[in-house]
Amino acid sequence: MQKLPKLFLFLFIVQITSLYSQESAIYTYPLKDFDKALSLYEDQQYASAQILFENIKAVSKNEGTLSDCAYYIANCAIRTDQDNAEELINNFVVDYPASRKQNQAFIDVAYYYFDHREYKEALQWFEKVDEIVLRNNERNKFNFEKGYSYFVAKKMKEAKSYFNRVVNSEEYAKQSKYYLGFMAYESDDYAEANKQFDQVSGDEKYAEKLSYYKSDMSFKSGNFQKAIDLGIKAMPKSTALEKSELNKIIGESYFNLKQYNEAIPYLVGYKGKNGKWNNTDFYQLGYAYYMQKDYDNAISQFNKIIDGKDFIAQNAYYHLGESYLESGKKQQALNAFKNASEMNFNLKLQEDASLNYVKLSYEIGNSYQSVPEVLLGFVNKYPNNPNNSAIEKLLIDSYISSKNYKEALTLLEKNKTPENSVAYQKVVFYRGLELFTEGNYSQSLILFEKAIKEQKDPIITARATFWKGESEYNLEDYKEALLGYQQFSDLAKAKETAEFKNINYNIAYANFKLKEYDAAGNSFQSQIDNNKADKFRLNDSYLRLADCRFVTTKYQSALDAYIKVIESKSVDGDYAYFQEALCYGFLSKNSKKIEELNAFLTSYPKSDYQDDVLFELGNTYVAENKPDLAIKTYDKLITTNKNSSYTSRSVLRQGLIYYNSDRDDLALTKFKKVASDFPKTPEAYEAVATARLIYVDNGKVDEYATWVRTLDFVAVTDVDLDNDTFEAAEKQYELSNAKQAISGFSNYIKKFPNGIHILKANFVLAQLYFAEGSESKSVPNYEFVIDQPRCEYTEQALVRLAEIFLKDRNCDKGISVLVRLEKEADFSQNKTFSQANLMKCYYDVKDYPNSVAYADKVLANPKTEENVKSDAQIIVARSAMQSGDEAKAKGAYAKLLSVSKGELAAEALYYDAYFKNKDGKFEISNTVIQKLAKNYSSYRYFGAKGLILMAKNYYGLKDSYQATYVLENVIENFTDYSDVIEEAKTELNRIKAEEAKTNSSITK
């Protein structure tokens, strides 16, 4: 029904009128009709009574009768829940302000709602009653029911006032005292509560409830044994909700009495508030299990305490850490002790937790901080801790064992002392190795020099000397590299290092790069004599020994070495076979040379040296005066290798053969083809010059002039000036006067844009710019070279342009150059270079299919170095992940794991853990992440991502505390990585939302 307005304030001025007070009623309506309506009302037949009262009201003229009918009509409407009941009451108040029934109306309506347990509505009516005019026999009922209505409305002060009015009433005394006791209990006034409860304790109606309240009051008063006794007594006759609360009272009382075994079943029986426990509830049960040495169950309770920021939480996390330790779960223990160490509610416990955190960090590694930083932090924070001497010893070793050389180096340089000098030398050396592995040779060189300077550990000094040489070698400072290798070789401890077994190999290559071929050959021979176990270096040493002997014209020695390479069936067998044939030529065994070159064409049909062999075979036929065979061989080269650098030379050679055999027409055809198809190349200029001789010899100078004017690269005049200008620049170049040479070649290109030497001038100028570090200036000149037909400079120009674009991370330009280099490269290392970098460039521009295609080429190439294979595997893995092909990514990362170092190893380990998490192998996944934390902590990005995985693993293992704590630490400690932070926040919110369903202490 609708609520009644406050218009009833008017009723306080109304007087009660008797049903029969006015004599005129007899004349207005029949007395028997009113009596009948009243009888129906008293029999609670309100609908029928209302109809009769409405009929009487419709015909009556008497004011008193009209008032009485309106009163009863409104009361009937209330009792039958009619929508217009409020309106009828309002009308009664307004229309009959003098009626003395108004106060009784309020009381009747209030009692009606009270009887129907609608206490809120009843209270509204009770508050309208004028209590002064209440009859004595009605006052006790009114006071109790109004007091109870206040009680239900939680207006305890008002309720107490009305209950106190009836404490001496025979009918309402016990009920009032019970409620007065209950209100005192709720307000923690246990003395008053007991006083009131004692007065009704003999009543069986209240006895059951009183046992519950008295048990709780005993608990809250610290009388735990009494609380237990009363609680157990109350348990059988309590409701399910009360039993849950009694379990809590009894269990916590046993807990406070340190009777943990007895406490456990009662603490378990507690159902929580609205089905939820809070952190204190979880702590008490967890601690009870902990004291019983039931560590698994202790963990299962402690780790439900999430978002704890108080004394209880600090204790819980400390004991959780101990429970994990007892269960052999050291990573989880580290997190728990770290959490407890970050709270200062109990300073002694904080220090103990910090000590445990430090020890575990040293033992298993730490993803949040470097281990040295953790150790130093403890010593600085607790300088008087009795364990500090032991920790300082751990500190020195942690610099090495943590492998976090970057941060360790920073800390050591801040705290450099004589005691730390041995550790400093090791750390600076290993950090140098990390930078070397990453290709940062300039920085690695600086660190190796620092390591050598320390001179503390002779083994480290020797190794640093070797790697200093390696850094210089990779920086193309071959003279210094050679000196470094030789210094290493002379050190007493060098023989005890792993690097020593191949030192001859390194010395050999340094000499090779310096073009000291005799010395290089001797060192390659020493490598062969002293280390035959390393098959790769053995074969390569034979090959380079052969090259050195070949360059120094020791052809028989070269031949013997090339044969060794061929017999080993190494990947360079085709090159060795070709060089072997050349050796026969230089040994004046051209027939054997021809035999071997023809055999090569059959044995190595897919070799990159096919065009080299064909060109050399054609030249040899010329030398043996077999022009027809030479021309046929050149034709085969031209047909099968259109993009070869030998193509223009082969056509030119054919022209020269025809010219020398007086077949001028055929010769001119070939020379014109060279000039047309390969303009501006040296071959083109030679073809034009030789064609000129033919025209002159045949008296056809006019024809020559007409033809040559069609060639935009040949100037008929100023030839001498062209030659002189170029020669001047070239002379400065040969004298190594780079500045003057740059000026000279620039001047030549400006004066003779179509000059005879324009191609070489552009190439040499580009090389000079590149050598002095002006790579951007060299680009136009290199591009000029590669825009011309294929020539001897094309391949090197393509390589240089690729290097420049790659250095500038300009993949768009780099890709086009690298694609062409792959197709046109004569040297296999350049083809490998192009494929490896195409793989990377396509990945950078998110062209994952092409990236994978080139990665597969790199992996299939037997000549690919191991570090490049690692790059290929990572490209395959990353591209597969980006494309959603996790199965392929999983295989690629697995292969990478066995060969990678440094950051790639960290990435591979992360994905190893990732796929194990995907497979539901949570514990194994966490073991991998611990390895990542211990061995690769300097790679913080993958460390951070690994921690998110660890959190997911913990949640999969139903350890919500570990999951949330790890994620909170990621958010706090890895702010440099926004993507990681967002992922951690998303996962943390998801877990908290789920856990908040059962833990009321969690704030989402």
Can you tell me how much longer the chain between ASP130 and GLU158 gets when fully stretched, taken as 0.36 nm per residue apart minus their C-alpha distance, in nm with one decimal? 8.4 nm
Calculate the FRET efficiency for ASP35 and GLN199 from the Cβ-Cβ distance with a Förster distance of 41 Å, rounded to the nearest 0.05. 0.30
For the stretch 697-831, what class follows from the C-alpha gyration tensor (a ≥ b ≥ c being the square roots of its eigenvalues): rounded when a/c is under 1.5, otherwise prolate if a/b is larger than b/c, else oblate? oblate
Can you give me the distance in nm between label points at LEU483 and ARG139, each placed 7 Å from the Cα along the Cα-to-Cβ direction? 11.9
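Test of the criteria: in the stretch 413-518, which GluC sites (Glu not before Pro) are in a DSSP loop and have at most 14 other Cβ atoms within 10 angstrom of their Cβ?
GLU438, GLU476
Considering only DSSP states other than H, G, I, E and B, which trypsin sites (Lys or Arg not before Pro) in the stretch 78-151 qualify as loop sites with at most 12 other Cβ atoms within 10 Å?
Those that pass, being in a loop and sparsely packed, are ARG117, ARG135.
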Taking 7 Å along the Cα-to-C-beta vector as the label spot, tell me the ASN387-LYS958 distance in nanometres, rounded to one decimal. 3.2
If a cysteine in the chain has no other Cys Cβ under 4.7 Å from its own Cβ, put it on the list, ordered by number. CYS69, CYS76, CYS548, CYS583, CYS791
Evaluate E = 1/(1 + (r/R0)^6) for GLU982 and ASN867, where r is the Cβ-Cβ distance and R0 equals 41 Å; express this FRET efficiency to the nearest 0.05. 0.80
How big is the Rg/Rh ratio for the stretch 792-840, C-alpha atoms only, Rh by Kirkwood, two decimals? 0.92
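With charges only on Cβ, +1 for K and R and -1 for D and E, what is the dipole size of the chain about its Cα centre, in debye, rounded to 20?
1600
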With no solvent and one point on each alpha carbon, what is the Debye value of log10 I(q)/I(0) for the stretch 546-649 at q = 0.11, 0.22 Å⁻¹? -0.32, -1.17
The chain, convex hull of Cα, quarter of hull surface, nm² -> 69.4
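Per 0.36 nm of contour for each residue apart, how much would the distance between LYS513 and SER661 grow if the chain were fully extended, relative to their Cα-Cα spacing?
49.0 nm
What translational D, rounded to a whole number of µm²/s, comes out for the stretch 852-1004 from Stokes-Einstein when the hydrodynamic radius is the Kirkwood one over Cα pairs, at 25 °C and 0.890 mPa s?
Diffusion coefficient, whole number: 149 µm²/s.
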Which one of TYR505, VAL966, PHE671 has its Cα pushed farthest toward the positive end of the charge dipole of the chain, where Lys and Arg give +1 and Asp and Glu give -1 at the Cβ? VAL966
Distance in nm between LYS918 and LEU629 label points, each 7 Å along Cα→Cβ, equals 6.1
Using eta = 1.306 mPa s and T = 10 °C, Stokes-Einstein with Kirkwood Rh from Cα pairs puts D for the stretch 63-102, in µm² s⁻¹, at 160
On the Cα set of the stretch 653-712, report Rg and Dmax in Å, please. 10.4, 30
No solvent, one uniform scatterer per C-alpha: report log10 I(q)/I(0) for the stretch 287-384 via the Debye equation at q = 0.20 1/Å, two decimals. -0.95
So if each residue of separation counts as 0.36 nm, and I subtract the Cα-Cα distance between GLN829 and GLU118, what length gain in nm does that give? 246.5 nm
Candidate cut points under GluC sites (Glu not before Pro) in the stretch 79-149, DSSP loop plus at most 16 other Cβ atoms within 10 Å of their own Cβ, are GLU118, GLU127
Kindly provide the helix-only [θ] at 222 nm of the chain, computed as the sum of -39,500 (n - 2.57) over DSSP H runs of four or more divided by all residues, to the nearest 500 deg cm²/dmol? -23500 deg cm²/dmol
Of ILE228, GLN873, GLN331, which is farthest towards the positive pole of the chain's charge dipole, taken about the Cα centre with +1 and -1 on the beta-carbons of Lys, Arg and Asp, Glu respectively? ILE228
Which FRET efficiency value, to the nearest 0.05, is calculated for TYR941 and ASP560 with the Förster distance at 56 angstrom and r the Cβ-Cβ distance? 0.60
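Bear in mind that the values in this text are calculations on the coordinates, not laboratory data. Note that the structure is predicted; figures quoted are calculated from it, not measured. Glycine also receives a Cβ, built like all others from the backbone with ideal geometry; neighbour counts cover every protein chain displayed.
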